[in-house]
Amino acid sequence: MTTTLNMVKTGKYANDKIIGVRHVQCILCFFCLSLAYAWRVNLSVALVAMSGPSNATEANATLDSSEEAAEFDLFSFTESEKSYMLSSFFWGYIVTQVPGGYIAQRYGAKMLLMVGLVACAILTLLTPLSLKLGGWQALCVVRVLEGLTQGAVHPATHSLLSKWAPANERGMLATICYSGAQFGTIMMLATSGFIADSFAGWPGIFYFGGICGFVWVLLWWIFAASTPEEHKRITREELKFIEETRSVGKMQDARKMAPTPWGSIFTSMPFLSLLVVHCTHMWGFWTLLTQIPSYMKNIYSIDIKSSSLLSSLPYTVMMILSFFFVWLSKVLQNNKSISTSFNRKFFNSVGHWIPMLSLIGLGYVPQENSVLAVVLLTLTVGISAATYLGFQVNHIDLSPNYAGTLMGITNAAANVMSGLAPLAVGQIVKHPENVSEWRTVFFVAAFFYFIGNLLFVVFGRTDIQKWDTPDMVDEESIEAGLPLAGDKTRQPIPIANGKP
């Protein structure tokens, strides 16, 4: 173990393939997240098209409605009914977060993700029929079920990463996976208008997305595996590389895993700081995504939702910057004096405190300078991508064996916050044209960004916690000459020539 650690640090031990099987798993997860988020936002763009013939163009401002387009059922929804339909997905989504993480760590992420996306693809195909037969109430039921099927996506992805990602590649591989969320959103916003104005009409938005889901499931079934040990095509060299570099402690056999240490988890300061920063991040981020369109329309007379270009611009910049931050992280890693802990906290600070400042600045941009407002908005959302290398991968740092469960806990709590944020805005903003009320909203979000990251910087850790695998971690840490989590009396043993 110590020899491997030294070889990784000196760069003498590495897989000779540029694209290994572990990268294929992450590319598949990228498209998994793409589909999940495309299905999540498809209703918001389809509502524009299904509400009337003239609104199909509004889903994509670059396309004129075709006079030869087929006629499809159109609906008239109240704002209250729309809000129920759009929020119903999250009613189910929150419920399956923790169970999804538990199932992934016990029985593997491959089958869980495959079953979840097959079910969600079927439900997506059934969406137009449910609306026709049962109205908006039936559609709400379908959306709740879709949320239930997608609740395990993030926890299962984290569980998969904990098995496949070498420690020094963890941030990069996690970014590849989770940047799929932006790609899926961009593709849905960019193509929905074209699909709605085609022969398929607005139902085509759901049919096309559902079919893509079945294509992904086929590829996932052929090329994916829950662990490197289970993959039939992985080389012996890559398998050995992953096994000996993914963590200090050993991975538990899923069939013989110890019971989840709930008490230790919820009394762990590193985990509690991770929980808080995930919640505060989602408050700020969803304040941006859900309320900024209203702010821009009422203060600057810019209707972001009417333009697919403006709607997708923040997500596009976020995806581009996510890979820039990966490159910057690799540069920092080449500096041997910079620790993983510094790396995580640096990028988390970039992804929280810069948006904190730009949010405050956005509230003071003059009304006649709408271009600056759009630039600030885009950068605020885009720079949030730095958190992929910060708290969003910290679950695996703390506990590779229970990473899926940890993500399930924090993501469930964080999505409650993302639901509360718009409600709080509704209580603060009584007059949408009053910029002072919006400034209060931005200051509240900025406060959450500040306090969440501050707690992460102070209490966050990147070493494996003792409750992950108590006996195994102690043995391996002693062998590797590394201090135990929470052990302040024991210093690292100097290592030379592969021996302590």
State yes or no: is residue 17 modelled with pLDDT under 80 and either under 22 Å from residue 144 (Cβ atoms) or of a type in the set (Lys, Arg) (or both)? yes
Filter the stretch 381-408 for residues that are among the polar types (S, T, N, Q) and part of a loop (DSSP other than H, G, I, E, B); which is surrounded by the most Cβ atoms within 10 Å (Cβ to Cβ)? 399
Within the stretch 326-339, restricting to residues that are β-branched (Val, Ile, Thr) and surrounded by fewer than 17 Cβ atoms within 10 Å (Cβ to Cβ), the one that is farthest from residue 377 (Cα to Cα) is 338
Which ones in the stretch 326-352 are of a type in the set (A, V, I, L, M) and either touching a residue at least 12 places away in the same chain (Cβ under 8 Å) or part of a helix (DSSP H, G or I) (or both)? 326, 328, 331, 332, 350
May I ask you to verify whether residue 272 is surrounded by fewer than 22 Cβ atoms within 10 Å (Cβ to Cβ) and closer than 28 Å to residue 44 by Cβ? no
Has the stretch 356-363 got at least one residue that is within 21 Å of residue 181 (Cα to Cα), part of a helix (DSSP H, G or I), touching a Leu at 6+ places or on another chain (Cβ under 6 Å) and hydroxyl-bearing (Ser, Thr, Tyr)? no
Of all residues in the stretch 430-464, which are touching a residue at least 24 places away in the same chain (Cβ under 8 Å) and in a loop (DSSP other than H, G, I, E, B)? 432, 433, 460, 461, 462, 463, 464
State all residues of the stretch 400-442 that are within 19 Å of residue 351 (Cβ to Cβ) and among the aromatic types (Phe, Trp, Tyr); if no residue qualifies, say none. 442
Please find, among 395, 431, the residue that is farther than 16 Å from residue 289 by Cα and more than 16 Å from the chain's Cα centre (by Cα). 431
Residue 164 - would you say it is at negative phi and either buried (at least 24 other Cβ atoms within 10 Å of the Cβ) or among the acidic types (Asp, Glu) (or both)? yes
Based on this model, can you work out whether residue 251 counts as modelled with pLDDT of 90 or more, open to solvent by 20 Å² or more (accessible area, probe 1.4 Å) and hydrophobic (A, V, I, L, M, F, W, C)? no
Consider residue 203 against the criteria (1) modelled with pLDDT of 90 or more; (2) under 27 Å from residue 24 (Cα atoms): it satisfies all of them except one. Which criterion is unmet? (2)
Cβ pairs under 6 Å, 6+ apart, first in the stretch 115-141 and without any contact (Cβ under 8 Å) to a residue 12 or more places away in the chain and under 14 Å from residue 40 (Cα atoms), second in a helix (DSSP H, G or I) and open to solvent by less than 20 Å² (accessible area, probe 1.4 Å): none
Within the stretch 303-325, is there a residue that is out of contact with any Leu (no Cβ under 8 Å at 6 or more places or on another chain), over 18 Å from residue 172 (Cα atoms), open to solvent by 50 Å² or more (accessible area, probe 1.4 Å) and among the hydroxyl-bearing types (Ser, Thr, Tyr)? no
Residue satisfying condition, being small (Gly, Ala, Ser), surrounded by 24 or more Cβ atoms within 10 Å (Cβ to Cβ) and within 25 Å of residue 384 (Cα to Cα), within set 209, 180: 180
Filter the stretch 342-365 down to residues that are farther than 20 Å from residue 291 by Cβ and open to solvent by 30 Å² or more (accessible area, probe 1.4 Å), then give me how many there are. 4
So residue 54 fits all but one of (1) open to solvent by 60 Å² or more (accessible area, probe 1.4 Å); (2) out of contact with any helix residue (DSSP H, G or I) (no Cβ under 8 Å at 6 or more places or on another chain); (3) at pLDDT 55 or above; what number is the exception? (3)
Please specify each residue of the stretch 275-295 satisfying the condition of being within 28 Å of residue 103 (Cα to Cα) and open to solvent by less than 40 Å² (accessible area, probe 1.4 Å). 275, 277, 278, 279, 280, 281, 282, 283
Residue set 86, 117; condition at pLDDT 95 or above, in contact with a Leu (Cβ under 8 Å, 6 or more places away or on another chain) and over 28 Å from residue 261 (Cβ atoms); output residue 117
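Quick check, is residue 199 outside any helix (DSSP H, G or I), out of contact with any Leu (no Cβ under 7 Å at 6 or more places or on another chain), among the aromatic types (Phe, Trp, Tyr) and surrounded by fewer than 22 Cβ atoms within 10 Å (Cβ to Cβ)?
Working: outside any helix (DSSP H, G or I): yes; out of contact with any Leu (no Cβ under 7 Å at 6 or more places or on another chain): yes; among the aromatic types (Phe, Trp, Tyr): yes; surrounded by fewer than 22 Cβ atoms within 10 Å (Cβ to Cβ): yes.
Yes: the conditions hold for residue 199.
The values are calculated or read from the model by the stated rules, or taken from the named source; none is laboratory data. Values in this document were obtained by computation on a predicted structure and should not be read as measured data. Here the Cβ is made from the backbone with ideal geometry for all residues, glycine too, and neighbour counts use every protein chain on show. Surface areas here come from the heavy atoms of the whole protein model, side chains and all, with no ligands, DNA or RNA. Shrake-Rupley method; radii C 1.70, N 1.55, O 1.52, S 1.80 Å.
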